[in-house]
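Participant: There's a structure below that I have some questions on.
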Amino acid sequence: MPSRTAFVTGAARGIGAATAARLAEDGCAVAVVDLDPAAAMEAAGKINAAGGTAIGIGCDVSDETQVADAVARTLADLGSLDVLVNNAGVLRDNLLFKMSVDDWDTVMSVHLRGAFLCSRAAQKHMVDNRSGAIVNTSSVSALGNRGQANYAAAKAGIQGLTRTLAMELGPFGIRVNAVAPGFIATEMTAATAERMGVSAADLQAKTAEITPLRRVGTPADIANVVAFLASDDAGFVTGQTLYVDGGRRL
Ligand SMILES: NC(=O)c1ccc[n+]([C@@H]2O[C@H](COP(=O)([O-])OP(=O)(O)OC[C@H]3O[C@@H](n4cnc5c(N)ncnc54)[C@H](O)[C@@H]3O)[C@@H](O)[C@H]2O)c1
């Protein structure tokens, strides 16, 4: 029987799917939570086929009731909730003068409201247990990125949320950290390439050229760091944002 249970949002694909799979390898039962229920079920099926334990749950992380139901289902089916990974995300890039209120609100809702709602729902159980780990997903864009006023603000907000929750929840044995990925090859960055009118391969190659490690990241690069922050090996680490970007900010 898995010893810990992880709740990973946006886990049907990309970084979230890699994180769910990695946590399952590390011995967690995993709730694969995603807006797309069929894709969540499929990703959970792959983990189960590989010998892990996972359930797929359809859930919009920006919806309070759906989050409460997803957490309740996790507790009912998997018995516990020890690790929360707030990973679900969307892009609605535009320069400020073209950015609609909907572009702004959608990004804030999924990233910030979603992380708030999932953290608030999960902490109840973690506080009762006097133990838990939350890993949030920021981005190098938190430092500012042209065309991403909404996303940069949300990802910077995630860092403030991380530090604050670390202060509030630390006394209950709950650690809260964040990863801030650089360019990771996923459908999200492929869609960015398409919007820019270049191929995903070209955008990756150009990004690799200006990255000290001379490559872009893979979902596994982020999953490995999330797994560390969620593990007991990071038992004295809290309130931190770890940039995982191949040295891109140097
Ligand atoms: N790919 C990168 O280069 C990169 C860089 C920095 C940060 N990030 C962040 O990492 C996270 C994952 O990115 P990715 O590249 O794997 O993205 P992705 O687009 O490949 O996957 C995102 C997943 O989130 C799900 N999702 C979207 N809205 C949701 C909602 N309201 N409720 C539940 N699930 C929802 C999608 O269905 C999808 O499965 C995001 O928070 C993203 O902002 C990505």
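The values are calculated or read from the model by the stated rules, or taken from the named source; none is laboratory data. Just so you know, these numbers come straight off a predicted model, no measurement behind them. So basically every Cβ, Gly included, is an ideal-geometry build from the backbone, and we count neighbours across all protein chains shown.
Participant: Please tell me if residue 69 is surrounded by fewer than 23 Cβ atoms within 10 Å (Cβ to Cβ), assigned by the TED database to the domain that holds residue 174 and not in a loop (DSSP other than H, G, I, E, B).
Facilitator: yes
Participant: Let me ask another. Name the pairs: first residue in segment 17-42 and within 18 Å of residue 73 (Cα to Cα), second residue more than 13 Å from the ligand (Cβ to nearest atom) and basic (Lys, Arg), Cβ to Cβ under 8 Å, at least 6 apart or on different chains?
Facilitator: 28/4; 29/4; 31/73
Participant: On the basis of being basic (Lys, Arg), surrounded by 21 or more Cβ atoms within 10 Å (Cβ to Cβ) and either assigned by the TED database to the domain that holds residue 169 or closer than 15 Å to residue 115 by Cβ (or both), does residue 92 make the cut?
Facilitator: For residue 92, the condition - basic (Lys, Arg), surrounded by 21 or more Cβ atoms within 10 Å (Cβ to Cβ) and either assigned by the TED database to the domain that holds residue 169 or closer than 15 Å to residue 115 by Cβ (or both) - is not met.
Participant: Among residues belonging to segment 203-226 that are of a type in the set (A, V, I, L, M, F, W, C) and touching a strand residue (DSSP E or B) at 6+ places or on another chain (Cβ under 9 Å), point out the one that is nearest to residue 249 (Cα to Cα).
Facilitator: Looking at residues that are of a type in the set (A, V, I, L, M, F, W, C) and touching a strand residue (DSSP E or B) at 6+ places or on another chain (Cβ under 9 Å), I get 216.
Participant: Search segment 98-109 for residues that are assigned to a loop (DSSP other than H, G, I, E, B) and pair each with any residue that is at pLDDT 95 or above when their beta-carbon atoms are under 7 Å apart and the residues are at least 6 apart or on different chains.
Facilitator: Going by the 7 Å Cβ cut-off, the qualifying pairs are 99/149; 99/150.
Participant: Another one. Being more than 16 Å from the ligand (Cβ to nearest atom), farther than 18 Å from residue 224 by Cα and buried (at least 19 other Cβ atoms within 10 Å of the Cβ) is the filter here; which residues of segment 1-54 pass it?
Facilitator: 2
Participant: Next up: Of the residues that sit in segment 170-199 and are of a type outside the set (Ser, Thr, Tyr), surrounded by fewer than 16 Cβ atoms within 10 Å (Cβ to Cβ) and outside any helix (DSSP H, G or I), which one is farthest from the ligand (Cβ to nearest atom)?
Facilitator: 173
Participant: If a residue must be part of a strand (DSSP E or B) and either small (Gly, Ala, Ser) or in contact with a strand residue (DSSP E or B) (Cβ under 8 Å, 6 or more places away or on another chain) (or both), how many such residues does segment 72-97 contain?
Facilitator: 4
Participant: Inspect segment 130-145 for any residue being more than 17 Å from residue 172 (Cβ to Cβ), in contact (Cβ under 8 Å) with a residue 40 or more places away in the chain and of a type in the set (D, E, K, R) and give the result as yes or no.
Facilitator: No, every residue in segment 130-145 fails to be more than 17 Å from residue 172 (Cβ to Cβ), in contact (Cβ under 8 Å) with a residue 40 or more places away in the chain and of a type in the set (D, E, K, R).
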